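To start, the structure itself, in structure tokens.
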Amino acid sequence: MARKIKGPQMIVANRLLDGRVVFMKADGTWSAVAGDAAVAADEAGVEALEVLAQKSADENYVLSIEVIDATERDGKPFPAHMKFAMQAKGPSVRPDLGYQVSPAWEQTDL
Amino acid sequence: MALVNLTGIQAGDFTVLAEDQTPAEGATVAVPLSRLRDEGDDFFKVAGPVGAVLATDTNYTDLAPLMNKLAFVVIDFPAFGDGRGFSLAVRLRKDLGFKGEIRATGPVIPDQALFLLRAGFDTVEVSDAREAAFKAALKRFDTFYQTDYTGQVSLAHARHGKNQERKAS
Amino acid sequence: MYAYDKYDHALVNSRVAEFRDQVERRVKGELTEEEFRPLRLMNGLYLQLHAYMLRVAVPYGTLSADQMRTLAHIARKYDKGYGHFTTRQNIQYNWPKLSDTPDILQELADVEMHAIQTSGNCIRNVTTDQFAGATADEIADPRPYAELIRQWSSFHPEFSFLPRKFKIAITGADIDRAAVKWHDIGLVVKKNDAGEVGFEVLVGGGMGRTPVIAKTIRDFLPEKDLLSYLEAILRVYNEQGRRDNKYKARIKILVDALGADEYARQTEEEWQKIKDLPIDFPAEEAARIKAFFAPPPLQVLEDNVPAVDELAKKNFIFGAWLKNNTNQHKVPGHVNVTISLKPHGGIPGDATAEQMELVAALADEYSQGELRISHEQNLILPHVAKKDLPAIWTDLDEAGLGIPNAGLLTDMIACPGLDYCSLANARSIPLAQELGKRFDDFKRLQDIGPLKIKISGCINSCGHHHAGHIGILGVDRKGEENYQLLLGGSGAEDASKAAILGPGFDENGVIDAIEKVVAVYLGERTDGEEFLATYRRVGPDVFKEAVYGTR
């Protein structure tokens, strides 16, 4: 399943029970903060992250797993593409909603 | 695998024949439609009760010549979302007047149990783990908005005490 | 309005129990996501960018004040205090939890509402004219037929796993406010020479990446044959519609491949076999349902109300609102009021729980407790006495809902776009907001006159850009939002496909381009000629030249 990657990658998904956006950390747990995401720099690293993420899907914790291009913002990982940056922040037209309010916005432990 | 009986029909006990397998004399067998067409009467002479395994994209008009020879039909869903299987069962009942068992195989899901029943299926092959869910789903609704081809008349008729009437013209 | 009987209640409650069970099985892992997805979609539940999104049906756009209050209550209790009214006369909530949705559906069921088949590859919520049963230009109220279709299409055993989604719209007026020609099936209520009610039947319309205008396959279908004929159309589609490529799976592609004549022939052939079976509703059922839609007992009043005219003269905004946001009712002295959900700089179609409650209170006081949703994402108070307009407008204006732009340039359709939608390639809402700011001058808007701008954030065209007098399509160009400009579409009885004018722009560029297009129109128009008529008369070249310059 080796595939070429263009640059650093990270993993985003939604939690099954509440749909909220989560980024996968290096230990396979998930965070609302994009900056906590594990970043893989090569194909082997991406595959290892995917295996970890799939485990969370198999445990019915997340769905809609996406491997996405990562960039850096304030020295921390952040989605490179505008669509996934929107997930990391919240709707641009509602600055009162989403993680742009605070990283802990509406997060409950599930 | 478990067999869920939707209608209470006497369900067939058959073997699905492999491509090149000859039926044992008098055996109850299911074979792909193409083979029945190719081998024709010879096949029916050897075997006992014969059923056709149909893909969901089967054109029902192709089945017309076989209607008085088939004991049962298996409609094999390649995916549960392939809704052609429902129309094919409707065609068998409505257009071809088929009275034998219609069985669903493939990855159909418990939540389709009533749709299968109402489209004309009698039986469905399910995994053992899902047998209970299939049976529970059958009891989910007891009123129906549509007239179907299995004898259920729509609520629009039932509301007015019209249970079997033809449309007034 | 239609009221559920014990059977309707039982069915909707069974559906809620079924979905509760499905959610539990999904969470326990007894259903895979692949299996659960179509089941949740058939209950209106999507997964979008930030959260789940629940699309609740407002069947054929009619609801009671009490139902509106329930929508407000759901917004407050389970969501973030607001909802989004859509082009299919639905409302969407943007932040529900999966674990809450069975409870939400139960609260809806308790007030005779549901989210059944608002998504999925099945027959969707039937839409119609927002002024149905209340407008002066109507042949017959289409809503009884929409309700009959709603019941027939709900939980259909044969048509719940179609090749693709399937949308039916019906209009009872010659002026088409329901965009029926852009639907998989469009129905136009007609009377034949004998004065009997029936339908012109169109099939194969649709937007998406391949815009097609529906074609007539039957000029007159008697009322009593409606459901059996629809069943014949659907059976042909379910059997032969493409399933190998989801972008070619809509009925429009099949109608195009077979030809409309052949589609009509196959439909007719199938229909002949089933038309005498008890598929259609008996006459008693049609009568039962029509009785629910009997016109409210309105007194005939004077059309001339001096107090209204005086306020209109004194207050330009009220005068513009009176002109743009009211539609002549069939009972003299009454109008249907369009409450615009397009405040300049706001989010098209969004309403807060408080706004919903205000509108519900106004409906109780002034419009027989009844409300409508239009496919242009506005709310309607039907059956309003003209003399009540100043009081209504004052209340609306205080809540930010008195905007007099119905039918004007800033009364835009816009999809949620990349701010919310997981399919979008570009944002739609900021563009609508910027347009509202750029054209925030009601005298200028009034001078420009009727002009429909429709904005989609991707090729799926939920924002109806193909049908816009001016359409905007957002695309992703190498990671940047880019907007294509289209001109000349129509969603009305004179339906036409908009054509791309030229290369795309960034956000500011496309708004500048719209300003230029409007300027060309103002320069070219003849006396009283509306934008679309001018465009059709002069053609695209003069607009192209103004926007892109001469080569």
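The values are calculated or read from the model by the stated rules, or taken from the named source; none is laboratory data. Because the structure is a prediction, the values reported are computed rather than measured. Here the Cβ is made from the backbone with ideal geometry for all residues, glycine too, and neighbour counts use every protein chain on show.
For region A:44-56, check the following and say yes or no: at least one residue is over 19 Å from C:P96 (Cβ atoms) and assigned to a loop (DSSP other than H, G, I, E, B).
no
When you scan region C:83-97, how many residues do you find that are touching a Gly at 6+ places or on another chain (Cβ under 7 Å) and assigned to a strand (DSSP E or B)?
Qualifying residue count, region C:83-97: 5.
Where the second residue is in a loop (DSSP other than H, G, I, E, B) and hydroxyl-bearing (S, T, Y) and the first is within 10 Å of chain B (Cβ to nearest Cβ) and lies in region C:1-13, which pairs have Cβ atoms under 7 Å and are six or more apart or on separate chains?
That search, which allows pairs on different chains as well, returns C:Y7/B:T143; C:A10/B:T143; C:L11/B:T143.
Here are some residues: C:G436, C:G463. Which one is part of a loop (DSSP other than H, G, I, E, B) and touching a Ser or Thr at 6+ places or on another chain (Cβ under 6 Å)?
C:G463
Rundown of residues vs (1) in contact with a Phe, Trp or Tyr (Cβ under 7 Å, 6 or more places away or on another chain); (2) in contact (Cβ under 8 Å) with a residue 24 or more places away in the chain, yes/no style:
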site	(1), (2)
C:T128	yes, yes
C:A140	no, yes
C:P144	yes, yes
C:I149	no, yes
C:P157	yes, no
C:S160	yes, yes
C:A169	no, yes
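Which numbered condition in (1) within 19 Å of B:R130 (Cα to Cα); (2) in contact with a Ser or Thr (Cβ under 7 Å, 6 or more places away or on another chain); (3) of a type outside the set (V, I, T); (4) more than 9 Å from chain C (Cβ to nearest Cβ) is the only one that B:G106 fails?
Answer for B:G106: the failing condition is (2).
Considering each residue of region B:119-129, count those that are touching a residue at least 40 places away in the same chain (Cβ under 8 Å) and either away from chain C (no Cβ under 12 Å) or out of contact with any Gly (no Cβ under 9 Å at 6 or more places or on another chain) (or both), and give that number. Reasoning before the result, please.
Step one: filter region B:119-129 for residues touching a residue at least 40 places away in the same chain (Cβ under 8 Å), giving B:121-128.
When the remaining residues are screened for being either away from chain C (no Cβ under 12 Å) or out of contact with any Gly (no Cβ under 9 Å at 6 or more places or on another chain) (or both), the result is B:122-128.
Qualifying residue count for the region: 7.
Just one of A:V67, A:V62, A:V33, A:V22 is within 10 Å of the chain's Cα centre (by Cα), touching a residue at least 24 places away in the same chain (Cβ under 8 Å), under 30 Å from C:V27 (Cβ atoms) and within 14 Å of another protein chain (Cβ to nearest Cβ); which is it?
Working: A:V67 fails: within 14 Å of another protein chain (Cβ to nearest Cβ); A:V62 fails: within 10 Å of the chain's Cα centre (by Cα); A:V33 fails: within 14 Å of another protein chain (Cβ to nearest Cβ).
When all the criteria are applied, what remains is A:V22.
Output the number of residues of region C:9-47 satisfying the condition of being among the polar types (S, T, N, Q) and in contact with a strand residue (DSSP E or B) (Cβ under 9 Å, 6 or more places away or on another chain). Show your work before the answer.
Applying the first criterion (among the polar types (S, T, N, Q)) to region C:9-47 yields C:13-14, C:22, C:32, C:43.
Pick out the ones that are also in contact with a strand residue (DSSP E or B) (Cβ under 9 Å, 6 or more places away or on another chain) and you get C:43.
Within region C:9-47, residues that are among the polar types (S, T, N, Q) and in contact with a strand residue (DSSP E or B) (Cβ under 9 Å, 6 or more places away or on another chain) number 1.
One residue is enough: does region C:51-60 have a residue meeting the conditions part of a helix (DSSP H, G or I), out of contact with any Gly (no Cβ under 6 Å at 6 or more places or on another chain) and surrounded by 22 or more Cβ atoms within 10 Å (Cβ to Cβ)?
Within region C:51-60, one or more residues are part of a helix (DSSP H, G or I), out of contact with any Gly (no Cβ under 6 Å at 6 or more places or on another chain) and surrounded by 22 or more Cβ atoms within 10 Å (Cβ to Cβ).
Kindly indicate whether any position in region C:493-507 is crowded, with 24+ Cβ neighbours inside 10 Å, over 18 Å from C:I429 (Cα atoms) and in contact with a strand residue (DSSP E or B) (Cβ under 8 Å, 6 or more places away or on another chain).
So in region C:493-507, the residues crowded, with 24+ Cβ neighbours inside 10 Å come out as C:498.
If we keep only those that are over 18 Å from C:I429 (Cα atoms) too, we end up with C:498.
This time we only want the ones that are in contact with a strand residue (DSSP E or B) (Cβ under 8 Å, 6 or more places away or on another chain), so: C:498.
Yes, that holds for at least one residue.
Determine if region C:75-93 includes at least one residue that is modelled with pLDDT of 95 or more, more than 19 Å from the chain's Cα centre (by Cα) and more than 14 Å from chain A (Cβ to nearest Cβ).
Yes, region C:75-93 contains at least one residue that is modelled with pLDDT of 95 or more, more than 19 Å from the chain's Cα centre (by Cα) and more than 14 Å from chain A (Cβ to nearest Cβ).
Among what's in region C:147-163 and is touching a strand residue (DSSP E or B) at 6+ places or on another chain (Cβ under 9 Å) and assigned to a loop (DSSP other than H, G, I, E, B), pick the residue that is farthest from B:A156 (Cα to Cα).
So the residue we want is C:L162.
Does C:L451 satisfy the condition of being surrounded by 23 or more Cβ atoms within 10 Å (Cβ to Cβ), touching a helix residue (DSSP H, G or I) at 6+ places or on another chain (Cβ under 8 Å), assigned by TED's automatic domain parsing to the domain that holds C:L341 and modelled with pLDDT of 95 or more?
no
If I filter region C:98-115 for residues that are touching a residue at least 12 places away in the same chain (Cβ under 8 Å), under 17 Å from the mean Cα position of the chain (by Cα) and not in a strand (DSSP E or B), do I get at least one hit?
Yes; the residues of region C:98-115 include at least one that is touching a residue at least 12 places away in the same chain (Cβ under 8 Å), under 17 Å from the mean Cα position of the chain (by Cα) and not in a strand (DSSP E or B).
Where residues in region C:180-207 are surrounded by 19 or more Cβ atoms within 10 Å (Cβ to Cβ) and over 20 Å from C:E147 (Cβ atoms), which of them is nearest to the chain's Cα centre (by Cα)?
Out of the qualifying residues, it is C:W182.
Please find, among B:L92, B:L116, B:L88, the residue that is buried (at least 20 other Cβ atoms within 10 Å of the Cβ) and either more than 9 Å from chain C (Cβ to nearest Cβ) or in a strand (DSSP E or B) (or both).
B:L92
Just give me the residues in region B:40-51 being modelled with pLDDT of 85 or more and either of a type outside the set (A, V, I, L, M, F, W, C) or crowded, with 21+ Cβ neighbours inside 10 Å (or both), in sequence order.
The answer is B:K45, B:G48, B:P49, B:V50, B:G51.
Is it the case, given these coordinates, that A:Q54 is more than 12 Å from the chain's Cα centre (by Cα), closer than 22 Å to C:Y46 by Cα and surrounded by fewer than 17 Cβ atoms within 10 Å (Cβ to Cβ)?
Yes: the conditions hold for A:Q54.
Looking at C:L54 and the list (1) within 11 Å of chain A (Cβ to nearest Cβ); (2) over 18 Å from the mean Cα position of the chain (by Cα), which single condition is not satisfied?
(2)
What is the one condition in (1) within 14 Å of chain A (Cβ to nearest Cβ); (2) part of a helix (DSSP H, G or I); (3) not small (G, A, S) that C:L31 does not satisfy?
(2)
C:Y46: in contact with a Ser or Thr (Cβ under 7 Å, 6 or more places away or on another chain) and in a helix (DSSP H, G or I), yes or no?
No; evaluated as a whole, the condition is false for this residue.
Which numbered condition trips up A:Q54, out of (1) away from chain C (no Cβ under 13 Å); (2) more than 27 Å from C:L431 (Cα to Cα)?
Exception for A:Q54: condition (1).
Going through region C:274-286 one residue at a time, which ones are of a type outside the set (D, E), at the interface with chain B (Cβ under 7 Å from one of its Cβ atoms) and in contact (Cβ under 8 Å) with a residue 40 or more places away in the chain?
Within region C:274-286, C:L277, C:I279, C:F281, C:A283 meet the criteria.
Consider C:A467 carefully, then state whether it is surrounded by fewer than 23 Cβ atoms within 10 Å (Cβ to Cβ) and farther than 25 Å from A:M86 by Cβ.
Working: surrounded by fewer than 23 Cβ atoms within 10 Å (Cβ to Cβ): no; farther than 25 Å from A:M86 by Cβ: yes.
Answer is no for this residue.
What pairs can you find where one residue is in region C:222-246 and more than 10 Å from chain B (Cβ to nearest Cβ) and closer than 21 Å to C:D256 by Cβ, the other is among the small types (G, A, S) and in a helix (DSSP H, G or I), and their Cβ atoms are less than 9 Å apart, with a gap of 6+ or different chains?
Every condition considered, the pairs that remain are C:L230/C:S153; C:R242/C:A257.
Among the strands (runs of 3 or more DSSP E) confined wholly to region C:330-430, which include 1 or more residues that are at positive phi?
Strands (runs of 3 or more DSSP E) meeting the threshold: C:379-385.
Looking at (1) touching a strand residue (DSSP E or B) at 6+ places or on another chain (Cβ under 9 Å); (2) under 25 Å from B:Q152 (Cα atoms); (3) aliphatic (A, V, I, L, M), find the lone condition where B:A30 falls short.
Only one criterion is unmet by B:A30, namely (2).
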